[in-house]
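First comes the structure, then the notes that go with it.
The values are calculated or read from the model by the stated rules, or taken from the named source; none is laboratory data. What you are looking at is a predicted structure, and each value in this text was computed from that prediction instead of being measured. Positions of Cβ are backbone-derived with ideal geometry, glycine not excepted, and every protein chain shown enters the neighbour counts.
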Amino acid sequence: MEQTPLRIIFINISQLFYCLSLLAIAGIEWRFHLDLGLPPWLAAAMGYVLVGVALCLLIWNAIDGFRKLIVGRHWLPTALLAVTYLAVTILVVHAFPSLVLRR
C-alpha cells in the first residue's frame, strides 16, 4: 500500500513531536533522579541514553520521510516537511535550554 504525501507528512510531524517529548522527558528525568538522590553519573547516563535514542529516531524519521517524498517527486510536500522541521528546530534551539536549565 503506497502512502500519500499528506499521510507521510502527518506521520513525520507526529514522530517529530514524539521525539521532542522524549527529549523533554530526558531533561526532567535527569533532574528528578538527582532529587531522588541517585548518583549524578547514573542519572546523567540514563538521560544521555534517552537523548541518544530520541535523536537517532528523529534523524531516522526525517531521512525516511524525505526519501519517500523525494522518490515520489512530491516537491511541495517535501518543502512543507522541510519548513516544519526547520521551524521546530528553531523553536527547540531557543526554548528547550531555558526549559531544562530553569531553576
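Considering only residues of the stretch 31-79 that are hydrophobic (A, V, I, L, M, F, W, C) and in contact with a Pro (Cβ under 9 Å, 6 or more places away or on another chain), which is nearest to I8 (Cα to Cα)?
L69
Step by step: first the residues of the stretch 11-27, then only those that are free of Cβ contacts under 8 Å to residues at least 40 places away in the same chain and surrounded by 13 or more Cβ atoms within 10 Å (Cβ to Cβ), then the one that is nearest to L81 (Cα to Cα). Which residue is that?
Here the answer is Y18.
Which is touching a His at 6+ places or on another chain (Cβ under 8 Å) and either part of a helix (DSSP H, G or I) or modelled with pLDDT under 85 (or both), of L42, L6, L81?
L42
Does C56 fit the bill of being out of contact with any Cys (no Cβ under 7 Å at 6 or more places or on another chain), in contact (Cβ under 8 Å) with a residue 12 or more places away in the chain, of a type outside the set (G, A, S) and assigned to a helix (DSSP H, G or I)?
No, not satisfied.
Check off (1) at pLDDT 85 or above; (2) loosely packed, with under 15 Cβ neighbours inside 10 Å; (3) within 19 Å of the chain's Cα centre (by Cα) for A54 and give me the number that stays unchecked.
A54 satisfies all of (1) at pLDDT 85 or above; (2) loosely packed, with under 15 Cβ neighbours inside 10 Å; (3) within 19 Å of the chain's Cα centre (by Cα) except (2).
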